[in-house]
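Right, one structure below, let's go through it.
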Amino acid sequence: PLQNRGGSVCWETSGFPGKACRMSVTLGFCNGVLPAQRAVLSSASSAFAANAGVAVRAPARARAHTARATPRCAIARPERYKSEDWIRNLASLPRSTILNRIRTHIFANVAVSCGIFALFKAYPEWIIWHMSPQPHAMLGTVMGLVLVFRTNAAYDRFWEARKLLGALVNRTRAFCVASVTYFPASAGGKQRGDDSYRALCELTIAFVHSFMFRLRGEDMDPSKPDDTPYVHEGGKPVTQWLPRDISQEDFFAAKNQPLLVSSRLSAAVKNAFDNAPVAEATAIAQRETLEKYIGDFIDILGACERLILTPVPLSYSRHTSRFLSLWCVSLPIFLVEKQDFMVIATSLFISWALFSIEEIGHLIEDPFLARYTTSLPLVQMGTNLTNDLAVILDNAQKRDKVAALPESRQPIGAGTAKLQ
């Protein structure tokens with residue numbers, strides 16, 4: 001029988017003629033049972049209930065525990081637009097970042113519209129007020145296509161940046177998991193793993209810190225080395241993740257800090273396998289795996305730098321801006337005869353709509369810049385990733401402490417114990 005160190009979960013079942021039965025399965029939430037054993041027991045209890053044709057209902061206490069525990073492991077969803085937010089969105093329009101950036105352009109167009117209206121009232125006989133609007137309308141179709149292409153080009157850059165950050169998350173997690181797996185605390189009586197995997201994991205966390213700072217266009221302040229938003233739950237800043245052979249002066253003086261950390265990470269992999277008492281073939285395969293991950297780190301860094309250093313061609317952006325400005329400025333000429341003073345309001349609304357679309361493309365063109373809310377949430381992503389890697393390292397160190405205990409003192413389910 002398994003020891004019950006975490007309590008048991010009971011299900012109240014009904015469905016048997018004339019009576020109810022109660023089934024209790026000990027899961028040992030804390031240390032008593034391995035996850036695989038808990039899965040076997042849970043599957044067995046579910047199969048029992050299904051085969052008996054009973055309705056299974058967890059007691060209120062278990063349901064409350066599940067409700068409290070779910071948010072700790074669930075992914076925090078970012079803010080998304082909902083249809084019922086339309087009133088709040090309209091009310092927040094005066095505080096819009098987009099409107100704040102294009103307000104001078106809109107005011108200039110409104111001023112031109114007022115001037116055109118005044119000229120129409122003073123000189124209504126001018127032939128310019130009676131020109132056909134068809135050529136202007138045809139150019140409006142072309143302008144719409146130009147805006148679509150410009151915005152799509154910017155969004156492609158935004159989405160590529162997000163995929164690169166996702167690849168970084170996957171590679172760093174896999175690198176740390178492989179490191180703590182390849183270098184256990186001891187092998188053949190020789191201590192080899194603790195220093196190795198700890199150095200690799202800590203360097204990976206330092207790479208994440210410096211990577212996020214570089215992308216956001218921020219320089220770390222050498223006078224405030226601990227002033228960083230990318231600290232894990234223990235509050236450990238980037239400088240405390242650096243190995244002893246990298247001084248703070250060398251780190252802050254480096255032109256490309258993530259690349260410096262990557263080179264030290266490769267050297268740490270070499271040192272780890274030089275001291276590893278494993279078979280040569282196994283060591284070669286494991287080292288190639290870790291080196292490939294480091295190469296992926298550098299590739300992702302280079303791809304992100306390419307997005308930052310290669311903007312949408314200025315000639316394309318400038319032509320779009322000129323085309324849009326001239327089209328909006330000339331629009332009141334073709335509308336003032338029919339709309340009279342309402343042409344001012346029409347010009348205001350159309351200018352806001354079109355200039356906003358253009359400005360959205362400008363904002364998302366650089367998805368890493370720290371100044372705008374439209375940028376990717378690098379602070380949140382960097383913090384979450386740092387926490388994940390720190391948890392991997394902490395769990396590996398706890399594993400090694402358990403492995404160092406005498407076998408008689410190890411908890412049931414540790415090591416290679418199996419469910420009989």
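The values are calculated or read from the model by the stated rules, or taken from the named source; none is laboratory data. Since the model is a prediction, treat every value here as computed from it, not as a measurement. Neighbour counts are summed over all protein chains in view; Cβ atoms, including those assigned to glycine, are modelled from backbone coordinates with ideal geometry. Only protein heavy atoms, including side chains, enter the accessible area calculation; ligands, DNA and RNA are left aside. Shrake-Rupley method; radii C 1.70, N 1.55, O 1.52, S 1.80 Å.
Using θ = phi - 60° in the Karplus curve 6.51 cos²θ - 1.76 cosθ + 1.60, the 3J(HN,Hα) couplings for the range 386-391 round to 4, 4, 4, 5, 5, 5 Hz; x is entered for Gly and Pro. The heavy atoms of Arg264 offer some 70 square angstrom of accessible surface to a 1.4 angstrom probe. Between Ser92 and Ile357, what length comes free when the chain is fully extended (0.36 nm per residue of separation minus the Cα-Cα distance, one decimal in nm)? Length gained, Ser92 through Ile357: 93.6 nm. In this simple spin-label model, placing a label point 7 Å from the Cα along the Cα-to-Cβ direction at both Ala167 and Ile298 gives a separation of 1.5 nm. Computed from phi, the 3J(HN,Hα) profile of the range 261-271 under the Karplus parametrisation 6.51, -1.76, 1.60 (θ = phi - 60°) reads 5, 4, 5, 5, 5, 5, 5, 5, 4, 4, 5 Hz, with x in place of Gly and Pro.
The 3J(HN,Hα) values that the Karplus relation (6.51, -1.76, 1.60; θ = phi - 60°) gives for the range 140-151 are, in residue order, x, 5, 4, 4, x, 5, 4, 5, 4, 4, 5, 5 Hz. Gly and Pro appear as x. Label-to-label distance for Leu326 and Glu160 is 3.0 nm, based on points extended 7 Å past Cα in the beta-carbon direction. Taking all protein chains into account, the per residue accessible area for the range 109-215 stands at 48 Å² (1.4 Å probe).
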